Amino acid sequence: MRDPSQNRSASRISDFRHSLCWTLHAGVNWRQQLAQSGLPVEVQEVIGKVVGKTRLMRSEKCDVTSDLIAHFEDGMDRGQETLRLIREFGRPDLAAKLIRNSKIRSRSMFTKYARWTALGGLGVVGGSIAALVWFYLGHPNPSNDYLAELNAPIANVADGDRAWNVYRDVWARFAFCNDGDSGFDAIYYHNPSDDSDTRLIRPGDDGWERALAKLDESAELLESFRSGAKRPKFGLVLQADVSRYSPEDRAALFPGLENVVDIRLEWAGVNHKVETLLDDSMLSVLLPHVQCIRNAARMLVVDSRRAVEQRDTDRIVQNIETIMGLARQTAEPDFPICALVGLAINSIGLDLIDEMLDGNPDRFSDKQLERIQEAVASIDPHEMFDFRGERLMVLDLIQRIFTDDGKGDGRMTREGLGILRTVNEMWVGLNDEHELDGFLNELLEVNAIAGPASLLLGATRKETTEKLDEIIDEIDAKFEIPFWEGPSLETLDEVLDGNARKYALLANIFSALPDLYRASERTLANRDGVLLAIAAHRYRLRHGDWPESPRQLTGSLLREVPLDRVNGQPLKYRRTESGIQVHSVGMDRDDDGGKSLMVAENGAYAPPGVDQEQWMIGHEMKPLPAGEFSFTRPAYLDGDWIIWPRRSNL
């Protein structure tokens with residue numbers, strides 16, 4: 001039979017638990033309940049230590065408190081001393097650990113899932129807040145002057161080797177770099193019935209006399225080109241800020257500029273900090289002289305047409321030599337864009353050679369043709385495509401995009417995201433067809449997301465720098481491989497490990513790498529074909545007839561028969577009724593006997609699966625010009641690429 005005292009104890013426990021449930025709903029915590037238990041202070045301290053160390057949920061702590069209070073009350077009801085009860089209870093930390101483990105095991109799956117979800121949510125929120133704070137506390141601190149490094153070789157050029165010393169004062173006097181506002185538009189012929197039809201003016205065109213007058217007025221300018229192009233270096237030290245050019249350089253490069261702010265690049269949609277970073281970056285370097293040099297080459301073409309009328313063949317040869325010299329000088333700043341303009345100037349020179357020899361194989365002497373041949377051979381696109389400037393520009397951007405931990409690493413910054421957006425828009429534009437563009441711009445529109453996301457998805461400063469060096473090594477290695485050996489340059493995806501988003505900066509800047517390689521190979525194909533043609537003209541002057549085979553040219557006229565960049569075999573050569581023809585087998589890789597690949601006037605080709613001959617019916621067709629020698633045309637297209645004669649419309 002149960003003792004009455006035990007009944008009273010059980011009754012108190014039941015009442016206490018009911019009270020506990022009520023207090024939980026009322027918002028009373030376990031500490032308040034413990035204080036209301038009436039137990040001795042020593043016991044309350046022990047219970048408090050145990051419950052506090054369990055680190056359980058609030059409701060669980062209330063249950064534990066209830067059980068411990070009942071435990072000690074039961075012992076006291078049995079007449080046990082307080083100190084003995086405490087001693088027999090044991091160490092509070094051990095009891096807390098055992099109680100915690102027991103409670104956790106007894107939790108329901110719903111409780112466990114709810115708790116994990118809550119803790120996970122708190123972790124995500126807390127992590128996001130921490131990432132945002134960490135992100136916004138980081139700022140770039142550019143400390144390296146990469147522009148000075150780019151300019152170092154130029155600054156060390158001797159005055160006698162520097163063409164800019166010849167050009168500068170003359171350009172300033174003639175306001176040559178004034179975008180045509182100084183009357184140099186006179187060298188162009190504009191079709192009055194078609195505004196899009198513009199070419200260099202020829203004898204007999206309306207405006208020819210006006211063009212001659214402009215050439216007479218510019219005689220000193222033309223002579224400066226002929227003199228300066230003989231020097232090995234252009235020699236212009238570049239600046240990112242127009243105000244840093246000397247007054248003499250500024251007058252030559254920016255004639256009529258009253259305020260240096262007038263020429264400042266506009267960075268649309270960026271904040272002041274980003275604008276400041278960009279204003280002082282290599283991305284802000286202006287290259288005004290590059291397009292000016294191309295205009296000089298065009299003036300020399302028109303002057304050569306005049307020289308034909310005057311029977312001044314030596315001046316024509318000088319002009320061709322000058323154009324090739326200008327092509328080399330244009331590529332000096334080591335930027336791909338400069339090399340591309342240099343190749344375009346080289347193409348102008350090749351077109352001029354073809355025009356001067358077309359129908360006039362006896363126009364030049366053997367010695368003059370030898371000089372032309374040497375000028376053409378001096379162009380090596382592999383040397384012109386030096387990516388040193390591009391590498392320095394990217395390194396400069398990296399130091400303006402990332403923080404610097406002093407050990408070569410760092411994280412993306414808010415300013416860096418603004419720069420990355422600007423670069424993205426400059427290089428590839430906003431085009432929904434480009435997955436990278438859409439992803440970047442959607443992300444960059446919301447800085448609150450882009451900040452922490454860039455820390456997780458984007459490469460670090462060290463990773464970006466290492467990948468940059470890998471890309472440059474890839475370029476240097478593969479630009480030396482001829483097209484017929486099949487270098488894989490169709491995409492940067494391999495170099496970027498299939499993660500263009502991670503390396504967004506590099507993916508944008510180097511996205512045109514395959515096009516640059518093909519431009520290099522195209523220039524080599526045209527150069528070698530023209531060299532073969534000039535050698536054949538020299539042979540004719542010496543022997544009275546065209547050679548039957550290009551092998552007859554090897555020796556004093558040609559070191560070796562140049563190879564077709566498509567298949568690695570000797571370029572095709574044949575005699576025609578009007579002279580000679582040099583051609584490549586084209587992308588179908590079979591010799592069609594010199595039949596030119598035909599294209600529609602709008603540049604269209606017969607689509608795959610459609611008979612080419614049938615498709616051509618009803619389309620106004622034209623031969624593919626030699627200057628458009630390409631390595632991307634579909635292999636199914638039947639026809640050869642004619643390198644000589646060039647059939648240009650210069």
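What does the highest-first list of 406-416, 292-302, 507-517 look like by mean Cβ count within 10 Å? Before the final figure, lay out each step's value.
Details: 406-416: 18.4, 292-302: 22.5, 507-517: 19.9.
Output ranking for 406-416, 292-302, 507-517: 292-302, 507-517, 406-416.
Look at the dipole of region 221-374 built from charges on Cβ: of ALA327, PHE364, MET282, the Cα furthest out on the positive end belongs to PHE364. Peptides 39-48, 146-155 ranked from most to least packed give 39-48, 146-155, packing being the mean of other C-beta atoms within 10 angstrom over each peptide's residues.
If packing is taken as the average count of other Cβ atoms within 10 Å, what order do 528-538, 161-171 fall into, highest mean first? Before the final figure, lay out each step's value.
Working: 528-538: 24.6, 161-171: 19.9.
Ranked from most to least packed, the peptides come out as 528-538, 161-171.
Within region 512-589, the GluC sites (Glu not before Pro) that combine a DSSP coil assignment with at most 14 other C-beta atoms in a 10 angstrom radius are GLU548, GLU560, GLU577.
Of the listed residues LYS230, LYS103, the order by accessible area with a 1.4 Å probe, largest first, is LYS230, LYS103.
The values are calculated or read from the model by the stated rules, or taken from the named source; none is laboratory data. Just so it is clear, the structure is predicted and the values come from calculations on it, not from any experiment. When we count neighbours, we look across all protein chains shown, and the Cβ atoms used for this are built from the backbone with ideal geometry, even at glycine. Only protein heavy atoms, including side chains, enter the accessible area calculation; ligands, DNA and RNA are left aside. Shrake-Rupley method; radii C 1.70, N 1.55, O 1.52, S 1.80 Å.
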